[in-house]
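Here is the structure we will look at, set down as structure tokens.
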Amino acid sequence: MSATLDRVDAQALFRYALRLGDLSLVLGQRLGEWVGHAPALEEDLGLANIALDLIGQARLLLTYAGEVEGRGRGEDEIAFLREHGEYLNAILVEQPNGDFGQTIVRQVLIDAFQLELYERMATSTDERLAAIAAKSVKEIRYHLRYSSGWLVRLGDGTEDSHARVQSALETLWPYTVELFAEDELDRTMADHGVAPRLSDVQVAWVRRIDEILAEATLKRPRDRPHSWHGKRGQHSEHLGYILAEMQHLQRTYPGARW
Amino acid sequence: MYTQALDVQGSDVASLDEGALEQRFLARVDAEEKIEPKDWMPARYRNTLIRQISQHAHSEIVGMLPEGNWISRAPTLQRKAILIAKVQDEGGHGAYLYSAAETLGVSRDQLVDQLLSGKAKYSSIFNYPTPTWADVGAIGWLVDGAAIMNQIPLCRCSYGPYARAMVRVCREESFHQRQGYDLMMHLAQGTPEQKRMAQEALNRWWWPAVMMFGPSDANSTHSGESQRWKIKRFSNDELRQKFVDFTVPQAKFLDLAIPDPLLRWDEAKKQHVFGPIDWTEFDQVLKGNGPCNAERLAARRKAHAAGAWVRDAASAYAEKQRQRTATLAA
Amino acid sequence: MSTPIDDSRQWPLYEVFVRARGGLDHKHVGSLHAADARMAIDHARDLYTRRLEGISIWVVPSKDITASDPAETDSLFEPARDKIYRHPTFYEIPDEVKTL
């Protein structure tokens, strides 16, 4: 149990752990769709490796969420049996894979976010989140190396590849706004030292992304106002389909052990 | 190393005639010496190996699909993780095997082209569908089980790179079989619906797994030579018998029935006797008329075609980097 | 229907060497295709060190490796056999000197 529970409301900590866990869960789920269909055998392995790490992060975070909640729910009950509005991932990760370029763009945006977030969370006042963050940072550094390496190759590859990833960047950029939109929950977590200030994370993220985009010869899209609230359980149409597939067996055979 | 020296092959050995070279080669094989990429080898040995290794590689790659399509629907996070890891391993095995094949003078792109154009064969087992979660377990238990039977002897095959690749593969494969059996066990010991799911999957996969060992020895064309060259160390029937003898007790433990009414233990022979195999089905599937042949190949072709722009971009970038480095050095 | 092979766009072959643990040599573990060296390292990590099998990876384009020719094995390696003074067993050490 977290040492900060008497300071932070358990319900708030629960929801915050869900935000982190669901982000990893849904993105891991999306990457799993690539296996056997990637541009080269080696990329099947590369994407599968990231998917595996993300599912691992989801397991740790959702298990912790269940403990904090205190109603006896384990990682699977939380992962597979919640209602649509109870998933708290940012919208960006539920966006379709698209082509390899779009998947790589989405991956770079999230990897840079997770890296800046978890590097700072390794010193969280919440011991468990600190430990999870410290472990995850090592994996995420590799994810970003992989995804940014590819973004540079595609951005600075052929005219066709450049056009494709620039277009994917334009499409996905609006969803990054939500990552840094600080709400009551984010403020509470920052106030208690559980999580870093999102504004600090954003500054670091922008710096990293600008560096990568420059090397990839890509233009940072203009910021446009955006009002997605996946973090508050209001999702795009995509999540419904993702959950239908993911939850199918658990829903069809309630109570069964696998 | 391999690719470089193949044009040098003929020059220094021209002094010895083919017959003497072949004798020396056979003596090395008999002495359990490993043949390495630059060693002299009969053309037929080389071609047989290219065919066998590449078929094996193609099978691993195509095999990622029937299981991969259950990743998004795995019923727990742990099963999801295990399945991703398994499919990743299979891709890795394909890569090791393509790599071993390339030491014989063929390129990966040529091999992939053969697969996608339908010229190359791959294990017929992956042309069967995985309609339920239990099929994932059946594949791990039976298909990987059969594969292990085939692969362990190959760890001692005469060709060095293939033997070494097989050692790697075998280490990872036993984890796959255990996971598949564990999955089946949970189903067999679960709810009545789960047990039925497991039984139906066993019904679907038993005969295809038994057929994985290939035609009966009497009807097997390449066997003699392959055994002489220590590329194949046991006959199809020997391995098949071993597989049946191992697997029957495993099914019994799960309280699942093997779909063979003629299956029985023969006390005198100390082995199981089993029913006749329907080779017409095997031939059809091998010819490309199996339930999923078209789908599997279509999926691989689509992935390959859809990825062309990515591969091209990577090559273009690498070329740009080379030129930039050259310019800096100048 | 097959995608025609454009050889100029093929990702070159790299040989991979992995040092499993501190104190050991790098060992040749196989090959892989990559467009550039950094990708080769990433691929090697994903392919050859999935089960924590290594702490250091070297990748070398296959075309940059020079190998001895097995047909010359005799001339390259045999001479050492007559040069027996390279092997410790040639020297007869008196029993009194046990630690050598």
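Read-outs throughout are calculated quantities, based only on the coordinates presented, and are distinct from any laboratory measurement. Since this is a predicted model, take the numbers as computed values, not measurements. As a convention, Cβ positions derive from the backbone with ideal geometry for all residues, glycine included, and neighbour counts pool all protein chains shown.
Under unit Cβ charges (Lys, Arg +1; Asp, Glu -1), what dipole magnitude, rounded to 20 debye, does chain A have relative to its Cα centre?
The dipole of chain A has a size of about 200 debye.
Neighbour counting of Cβ atoms within 10 Å sorts the residues A:Leu18, A:Leu249, fewest neighbours leading, into A:Leu249, A:Leu18.
Counts of other chain beta carbons within 10 angstrom of each beta carbon in peptide B:297-303 average 3. Averaged over the residues of peptide C:21-31, the number of Cβ atoms from other protein chains lying within 10 Å of each residue's Cβ is 3. Assuming a ≥ b ≥ c are the square roots of the Cα gyration tensor eigenvalues, decide whether the range A:146-258 counts as rounded (a/c under 1.5), prolate (otherwise, with a/b larger than b/c) or oblate. The shape class here is oblate. How would the range C:10-68 be classified by its alpha-carbon gyration tensor: rounded, prolate or oblate, with rounded meaning a/c under 1.5 and the a/b versus b/c comparison settling the rest? Taking the square roots of the gyration eigenvalues as a ≥ b ≥ c, the range C:10-68 is oblate. Here chain A is scanned for GluC sites (Glu not before Pro) in DSSP loops (not H, G, I, E, B) that have at most 14 other Cβ atoms within 10 Å, and the longest stretch holding none of them is A:84-181.
Among the lysines of the range B:142-289, pairs at least eight places apart or on separate chains and with Cα atoms under 23 Å apart come to 8.
Backbone geometry of the range A:224-233 corresponds, through the Karplus equation with coefficients 6.51, -1.76 and 1.60 at θ = phi - 60°, to 3J(HN,Hα) couplings of 10, x, 8, 10, 8, 9, x, 4, 10, x Hz, x marking Gly and Pro. Computed from the C-beta positions of B:Trp279 and B:Ala20, the FRET efficiency with R₀ = 35 Å rounds to 0.25. Charge dipole of the range B:116-175 (Cα centre as origin; +1 on each Lys and Arg Cβ, -1 on each Asp and Glu Cβ, all else neutral): 340 debye, rounded to the nearest 20. Note on the protein assembly as shown: along the principal axes its Cα atoms extend 84, 77, 72 Å, ordered by decreasing extent. Sparsely packed loop sites in the range A:162-258 (the trypsin sites (Lys or Arg not before Pro) outside DSSP H, G, I, E and B with at most 14 other Cβ atoms within 10 Å) comprise A:Lys219, A:Arg222, A:Arg257. Distant-in-sequence amide contacts of B:Tyr159, defined by a placed amide H-H separation under 5 Å and a gap of 5 or more residues or a different chain, comprise B:Ile35.
Note on the range C:10-68: dipole from Cβ charges, positive end direction compared against C:Ser56, C:Gln10, C:Ala40; the farthest Cα belongs to C:Ser56. The gain in end-to-end length when the B:Asp255 to B:Glu36 segment is fully stretched comes to 74.1 nm, 0.36 nm per residue minus the alpha carbon separation. The Cα trace of chain A gives Rg and Dmax of 17.9, 57 Å, the first to one decimal, the second as a whole number. Applying the Karplus relation 6.51 cos²θ - 1.76 cosθ + 1.60 with θ = phi - 60° to the range B:76-88 yields 3J(HN,Hα) values of 9, 5, 5, 5, 5, 4, 4, 5, 4, 4, 5, 5, 4 Hz, where x marks Gly and Pro.
When peptides B:158-166, B:111-119 are sorted by average Cβ neighbour count within 10 Å, with the highest value leading, the order is B:158-166, B:111-119.
List A:Val152, A:Val137, B:Val87 from most exposed to least, where exposure is judged by having the fewest other Cβ atoms within 10 Å.
Values: A:Val152 23, A:Val137 17, B:Val87 27.
In order of increasing Cβ crowding within 10 Å: A:Val137, A:Val152, B:Val87.
Modelled spin-label separation between A:Thr252 and B:Asp182, with each label point placed 7 Å from Cα along the Cα-to-Cβ direction: 2.3 nm.
Between helix B:236-254 and chain B, what is the angle of the helix's C-alpha long axis to the longest principal axis, kept within 0 to 90° and rounded to the nearest 10? The angle comes out near 40 degrees. Taking every residue in B:163-171 and counting other chain Cβ atoms within 10 Å of its Cβ, the average works out to 1. A Cβ-based charge dipole, computed about the Cα centre of the range C:10-68 with Lys and Arg at +1 and Asp and Glu at -1, lands at about 200 debye.
For chain B, the gyration tensor built on C-alpha atoms gives an oblate shape. Its axis ratio a/c (a ≥ b ≥ c) is at least 1.5, and a/b is not larger than b/c.
Across the options B:Pro66, C:Ser31, A:Ile91, the greatest Cα extent toward the positive end of the charge dipole of the protein assembly as shown (unit charges at beta carbon of Lys, Arg, Asp, Glu) belongs to A:Ile91. Relative to the dominant Cα principal axis of chain B, helix B:43-68 is inclined by about 50°.
Taking amide H as placed 1.01 Å from N in the peptide plane, the amide H of A:His229 sits under 5 Å from that of A:Gln234, each at least 5 places away or on another chain.
Seen against the Cα atoms of chain B and their longest principal axis, helix B:160-188 is set at about 20 degrees.
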